[in-house]
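**Q** Quick one: this structure, given as structure tokens, is what I'll be asking you about.
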Amino acid sequence: MKNGKRIISLLMTALMVVSLILGMASCGGNDTYIFTTGGPQGTYYGFTQAVATKLSEHIANTTFTAVTSGGSKANIEALADGDAHFAIVQNDVMINAYNGVSNFTGNQIQSFSVIGAVYPEVCQIIAREGITSVEDLRGKRVSIGAQGSGVVTNATQILEKHGISLEDITVSNLDSGASADALKEGKIDAFFFTGGVPTPAMQQLATSTAITFVSLADDKIAALKEESPFYVEVAVTHDVYDFIPEGTTAKAVAVTATYIVSNNVDEDVAYQVTKTLWEKQAEIAAVHNTGKSMNIRTALLGMDNVPVNAGAKRYYEEYLAAYNQENGTSLTFDAFYYNK
């Protein structure tokens with residue numbers, strides 16, 4: 001009987017300890033926060049590992065951990081299920097989830113808010129030498145991305161804005177690596193893919209094959225942005241890809257790799273994450289080259305109607321106030337962050 005009472009006492013003590021730990025977690029002290037990312041070889045995971053390391057170093061009494069996942073859709077669902085606190089996602093997928101459309105039809109998720117866009121995922125068109133415009137793709141052999149990928153959507157939208165349907169080209173559905181190989185072997189004339197720049201595979205392709213980066217016209221970019229607000233305009237130069245001639249600029253559209261946060265995370269934690277993310281950018285870039293693409297002026301572009309987290313917005317307001325004071329300007333929030 002004494003042993004039974006002792007076991008019950010030990011169990012009650014254990015339960016008290018667990019309750020204490022959970023209570024501490026809910027207060028935000030000595031917490032571990034989970035970032036859900038993408039595949040183990042992808043930029044989402046590698047970049048967020050660097051970010052998580054710097055957040056853990058600079059935010060007291062907290063640990064941030066990056067975990068692999070199935071990508072943007074899975075990440076949003078993980079936040080909704082309470083399996084993660086932060087996530088990196090494509091902004092177009094995020095907008096679909098928030099509005100319950102496309103691949104989130106019947107599964108609307110609004111239990112998150114925006115921390116900020118961290119780098120562009122450029123919708124790139126790589127072609128053999130001699131092809132210089134999207135119009136030149138008519139009648140050509142073109143890979144529009146692997147079936148079911150976001151690249152197919154991007155490619156179809158871009159082609160349509162130039163009056164080209166899939167029936168006007170010979171379509172292949174290859175991923176970026178297979179597309180690069182096919183172009184090198186002369187099996188296709190051009191291909192679309194969406195990803196951060198520079199993409200090493202494209203730099204490698206340029207060492208053996210004469211290629212061009214096909215630029216979009218200003219009116220086509222405007223039309224794409226009007227129809228699909230998640231697109232942002234980007235410029236790609238010789239400094240990014242040496243096969244782009246010096247002194248010229250290739251124009252493209254991009255979706256953005258965006259950090260979001262569960263609405264269950266304390267506003268002050270979101271503030272500290274946002275502050276550290278931008279103020280320690282140089283340290284992040286020293287660990288992962290993608291950090292060099294971070295630009296606070298574009299952090300809130302392409303978010304459509306998805307709300308900015310209150311803690312994140314507090315930091316952006318503080319940054320803008322300091323910027324105005326330092327530069328003798330009086331830019332509004334909309335003018336600084338939304339170019340309005």
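Nothing in this text is a laboratory measurement; each read-out follows from the coordinates by a stated rule. All values reported here derive from a predicted model rather than from experimental measurement. Every residue, glycine as well, gets a Cβ built from its backbone with ideal geometry; the counts of neighbours run over all protein chains shown.
**Q** Pull up the cross-link candidates among the aspartates and glutamates for residue 313, meaning alpha carbon to alpha carbon under 16 Å and not fewer than 8 places away within one chain.
**A** 266, 267, 268, 279, 304, 334
**Q** Where does each of 290, 105 land when they are ranked from fewest to most other beta-carbon atoms within 10 angstrom?
**A** Values: 290 21, 105 10.
Ordered by Cβ neighbours within 10 Å, fewest first: 105, 290.
**Q** Same structure, new question: Say the dipole of the chain comes from +1 at the beta carbon of Lys and Arg and -1 at that of Asp and Glu; which of 277, 59, 47 then lies farthest toward its positive end?
**A** So the residue we want is 59.
**Q** Considering amide H positions built from the backbone, and no H for Pro or chain starts, which residues 5 or more places from residue 63, or on another chain, come under 5 Å of its amide H?
**A** 31, 32, 33
**Q** Now for a separate question. Within the chain, what's the longest run with no GluC sites (Glu not before Pro) in a DSSP loop and at most 15 other beta-carbon atoms within 10 Å? Give the range, please. It would help to have the intermediate numbers written out before the result.
**A** Numbers: sites that count: 129, 185, 246.
Result, exposed sites excluded: 1-128.
**Q** I need to check one value: relative contact order of the chain, counting alpha carbon pairs closer than 8 Å and at least 6 residues apart, in percent.
**A** Values: 608 pairs, mean separation 69.3, N = 340.
Worked out over the chain, it gives 20 percent.
**Q** Under 17 Å from a label point 7 Å along Cα→Cβ of residue 99: give me every residue in the range 130-163 with its amide N that close.
**A** Backbone N within reach: 153-154, 157-158.
**Q** Which entries in the list 251/292; 54/251; 187/225; 54/225; 220/280 go over 28 Å, if you measure between the two C-alpha atoms of each? The partial results should precede the final answer.
**A** Details: 251/292 19 Å; 54/251 33 Å; 187/225 32 Å; 54/225 34 Å; 220/280 36 Å.
Exceeds cut-off: 54/251; 187/225; 54/225; 220/280.
**Q** A further question on this structure: Rounded, prolate or oblate for the range 121-255? Axes are the square roots of the Cα gyration tensor eigenvalues, ordered a ≥ b ≥ c, and the cut-off for rounded is a/c under 1.5.
**A** Numbers: a/c = 1.45, a/b = 1.09, b/c = 1.32.
Rounded, because the longest to shortest axis ratio a/c is under 1.5.
**Q** Any idea how far the Cα center of the range 149-213 sits from the one of the range 70-128, in Å?
**A** One Cα centre to the other: 23 Å.
**Q** What does the charge add up to near residue 169, with Lys and Arg as +1, Asp and Glu as -1, over the other residues with Cβ less than 13 Å from its Cβ? Don't jump to the answer; show the numbers that get you there.
**A** Details: positive: 138, 140, 141; negative: 135, 136, 160, 167, 168, 189.
Within the 13 Å Cβ shell, the charges total -3.
**Q** Still on this structure, please answer the following. Quick check: from the Cα gyration tensor, does the chain come out rounded (a/c under 1.5), prolate or oblate? Mind dumping the intermediate values first?
**A** Details: a/c = 2.22, a/b = 1.74, b/c = 1.27.
Prolate.
**Q** Mind sorting 268, 92 by how few other Cβ atoms lie within 10 Å of their own Cβ, fewest first? Intermediate results must be reported in sequence, preceding the final value.
**A** Values: 268 12, 92 24.
Arranged by neighbour count, lowest to highest, 268, 92 become 268, 92.
**Q** Another question about this same structure. State which helices in the chain qualify, where a helix is a whole DSSP H run, it must extend 15 Å or more along its own axis by its Cα atoms, and its mean Kyte-Doolittle hydropathy must be at least 0.5. Before the final figure, lay out the partial values.
**A** On the way: long enough: 2-26 (36 Å, 1.22); 43-58 (22 Å, -0.35); 150-161 (17 Å, 0.19); 267-279 (18 Å, -0.58); 310-327 (25 Å, -1.33).
Both cut-offs are met by 2-26.
**Q** Separate question: Using the Cα centre of the range 255-334 as origin and beta-carbon charges of +1 (Lys, Arg) and -1 (Asp, Glu), tell me which of 288, 299, 258 is placed farthest towards the positive end of the dipole.
**A** Highest projection toward the positive end goes to 288.
**Q** Add -39500 (n - 2.57) for each DSSP H run of 4 or more in the chain, then divide by its residues: what number comes out at 222 nm, to the nearest 500 deg cm²/dmol? Don't skip to the end; give the middle numbers.
**A** On the way: 12 runs with 142 residues, N = 340.
For the chain, the value works out to -13000 deg cm²/dmol.
**Q** With springs only between Cα atoms under 10 Å, which of 179, 69, 102 fluctuates most in a Gaussian network model of the chain?
**A** 102
**Q** Scan the range 180-269 for trypsin sites (Lys or Arg not before Pro) in coil per DSSP, keeping those whose Cβ has at most 16 other Cβ atoms within 10 Å, and list them by number.
**A** Details: sites: 184, 187, 220, 225, 251; in loops: 187.
Hits after loop and neighbour filter: 187.
**Q** While we're here: When a/c reaches 1.5 or more, the comparison of a/b and b/c decides; with that in mind, is the range 228-287 rounded, prolate or oblate per its Cα gyration tensor?
**A** Oblate.
**Q** Quick one: putting +1 on the C-beta of Lys and Arg, -1 on the C-beta of Asp and Glu, what dipole do you get for the chain around its Cα centre, in Debye to the nearest 20? Please report the intermediate quantities before stating the final value.
**A** On the way: 22 positive and 35 negative charges, 212 e Å.
Dipole magnitude for the chain comes out near 1020 debye.
**Q** Set the Förster radius R0 to 25 Å, insert the Cβ-Cβ distance between residue 156 and residue 201 as r into 1/(1 + (r/R0)^6), and round the FRET efficiency to 0.05. Walk me through the numbers on the way to the answer.
**A** On the way: r = 22 Å, r/R0 = 0.89.
FRET efficiency, residue 156 to residue 201: 0.65.
**Q** Still on this structure, I have one more. Quick check: residue separation of residue 248 and residue 165 times 0.36 nm, minus the Cα distance between them. What number comes out in nm?
**A** Values: separation 83, 0.36 × 83 = 29.88 nm, distance 2.89 nm.
Length gained, residue 248 through residue 165: 27.0 nm.
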